[in-house]
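One structure is given here, and the rest of the page talks about it.
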Amino acid sequence: MLVSENRFCKNWGPFKLGQIASVIGANIAYNQTDLLIGDIKSLKDAGSGDLTFLSNKKYVAGLKVCKAAVCLVPLNFELESKIIPILLQVPNPYYAYALLVDLFYAPAKELKGWIAPSAFIAKSAKIGKNCYIDHNVVIEENVEIGDDCVIESGSFVDYGVRIGHRARIGSNVSISYALIGDDVVILPGARIGQDGFGFATHQGVHKKIYHTGSVIIGNNVEIGANTTIDRGSMNNTIIEDLCRIDNLVQIGHNVHIKKGAILVAQVGIAGSSVIGSYCALGGQVGVAGHITITDNVQIAGQGGVIQDIKESGIMGGTPAVPIKDWHRQTIILKKLINEKKK
């Protein structure tokens, strides 16, 4: 069995606890500021020089036997004198952990400004400063790419595409008919801007509808591996700022995903639907075409949305209903099945 080794990341530690506390906005005692922390590890694996975090109450038992030097806990956590780690209370331990990962770690592979000899870049393309363009990348005519971008091996950027600053595009990505903002991450295998599934049927013939729309992606968006986002058939497909889209998600033509929405793996959204700001769609949720979902709606995994959702809240089931109603339906159905068995 192979022994795990951290060969893919660099650890910049150790850091003094005072510096760590300033990054996450935590208060510590004066005599603790110089304590050195070398790494971030899980409750189970953390040792005497490590920092860990507790964001789920069901792991409290693990904290009682944890050997870490420091543990991030919620503000309302009840302090116990028998616990070994120094407890730093923060509003959101998991978010604080994410900030500290950025402090401690960086990729082992350095992606400094470089263009591989095997990359093809059209003469009319404009490439920003300090970009890393890997082997066998193809960048077509009239493309514009901002500063400090990374485009990894085998990716294709089609005619006229515009990409902002600090984009990170994984290997074997294809991007067509798209305008992309700053700080966008696109993971390997994603397909952006291909035609949507649009046909007009007449007398048994399915006539393909020529698409004239584009894909507009805002700033600070992440798009997962092997996700597909169709270009608009007439209007544009729009992904607003701060959206997070998981792997294997399908977004149809003319869909509008508003600010801060989260789409988990295998979500499918049919054409011309609108997903409101800060909505969260669980795994395998399906949304029918021409549906509007208001802001701040959560839909449990495998939910099916077949009509507009006009009020914020948590939904579940197919067709999706308020989560309490879905649980009642499940209980009633189970009772009916048990009565039939009797």
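The values are calculated or read from the model by the stated rules, or taken from the named source; none is laboratory data. Just so we're clear, the structure is a prediction, and the values are computed from it rather than from any experiment. So basically every Cβ, Gly included, is an ideal-geometry build from the backbone, and we count neighbours across all protein chains shown.
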* Restrict the check to region 20-34 and report whether at least one residue is surrounded by 15 or more Cβ atoms within 10 Å (Cβ to Cβ) and over 30 Å from the mean Cα position of the chain (by Cα). => yes
* Has region 210-224 got at least one residue that is surrounded by 22 or more Cβ atoms within 10 Å (Cβ to Cβ), touching a residue at least 40 places away in the same chain (Cβ under 8 Å) and either over 23 Å from Val285 (Cα atoms) or out of contact with any Ser or Thr (no Cβ under 9 Å at 6 or more places or on another chain) (or both)? -> yes
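Assess whether Asp39 counts as being charged (D, E, K, R) and either farther than 26 Å from Ala108 by Cα or more than 25 Å from the chain's Cα centre (by Cα) (or both). Walk me through how you get there before you give the answer.
On the way: charged (D, E, K, R): yes; either farther than 26 Å from Ala108 by Cα or more than 25 Å from the chain's Cα centre (by Cα) (or both): no.
Taking the combined requirement at face value, the residue does not satisfy it.
Sort out which residues of region 252-273 are of a type outside the set (D, E, K, R) and within 15 Å of the chain's Cα centre (by Cα), and write them in order of number. Walk me through how you get there before you give the answer.
Taking region 252-273 as the starting set, the residues that turn out to be of a type outside the set (D, E, K, R) are 252-257, 260-273.
Once the filter is applied, which keeps residues that are of a type outside the set (D, E, K, R) and within 15 Å of the chain's Cα centre (by Cα), region 252-273 yields Ile257, Gly260, Ala261, Ile262, Leu263, Val264, Ala265, Gln266, Val267.
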* Structure fact -> Out of (1) among the hydroxyl-bearing types (Ser, Thr, Tyr); (2) in contact with a Gly (Cβ under 9 Å, 6 or more places away or on another chain); (3) modelled with pLDDT under 95, the one Tyr59 does not meet is (2)
* Inspect all residues belonging to region 47-66 and state whether any of them is within 30 Å of Val150 (Cβ to Cβ) and either of a type outside the set (A, V, I, L, M, F, W, C) or out of contact with any Ser or Thr (no Cβ under 9 Å at 6 or more places or on another chain) (or both). => yes
* Structure fact -> Among Gly198, Gly164, Gly181, Gly170, the single one that is crowded, with 17+ Cβ neighbours inside 10 Å, at pLDDT below 95 and of a type outside the set (S, T, N, Q) is Gly198
* To do: Report yes if some residue within region 159-172 is within 28 Å of Trp12 (Cα to Cα), touching a strand residue (DSSP E or B) at 6+ places or on another chain (Cβ under 6 Å) and assigned by TED's automatic domain parsing to the domain that holds Arg244; otherwise report no.
  => no
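Being in contact (Cβ under 8 Å) with a residue 60 or more places away in the chain and under 22 Å from the mean Cα position of the chain (by Cα) narrows it down to one residue among Asn172, Asn247; which is it? Before the answer, list the steps.
On the way: Asn172 fails: in contact (Cβ under 8 Å) with a residue 60 or more places away in the chain.
Result: Asn247 is the single residue among Asn172, Asn247 that is in contact (Cβ under 8 Å) with a residue 60 or more places away in the chain and under 22 Å from the mean Cα position of the chain (by Cα).
Mind listing just one residue for me: the one in region 124-138 that is charged (D, E, K, R) and in a loop (DSSP other than H, G, I, E, B) and, of those, nearest to Glu152 (Cα to Cα)? Working first, answer last.
First, the residues of region 124-138 that are charged (D, E, K, R): 126, 129, 134.
From what is left, the residues that are in a loop (DSSP other than H, G, I, E, B) are 129, 134.
Values: Lys129: 16, Asp134: 5 Å.
It comes out as Asp134.
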* To do: Considering every residue within region 285-302, establish whether at least one is within 17 Å of the chain's Cα centre (by Cα), assigned by TED's automatic domain parsing to the domain that holds Gly218 and under 23 Å from Ser174 (Cβ atoms).
  => no
* **Answer residue from region 45-84, given it is touching a Cys at 6+ places or on another chain (Cβ under 8 Å) and closer than 15 Å to Tyr97 by Cβ and is surrounded by the fewest Cβ atoms within 10 Å (Cβ to Cβ) among those** => Leu63
* **Count of residues meeting criterion [under 20 Å from Val249 (Cα atoms) and either among the aliphatic types (A, V, I, L, M) or touching a Pro at 6+ places or on another chain (Cβ under 7 Å) (or both)] in region 174-222** => 14
* Structure fact -> Residue count, region 239-251, condition among the β-branched types (Val, Ile, Thr) and either surrounded by fewer than 19 Cβ atoms within 10 Å (Cβ to Cβ) or part of a loop (DSSP other than H, G, I, E, B) (or both), comes to 1
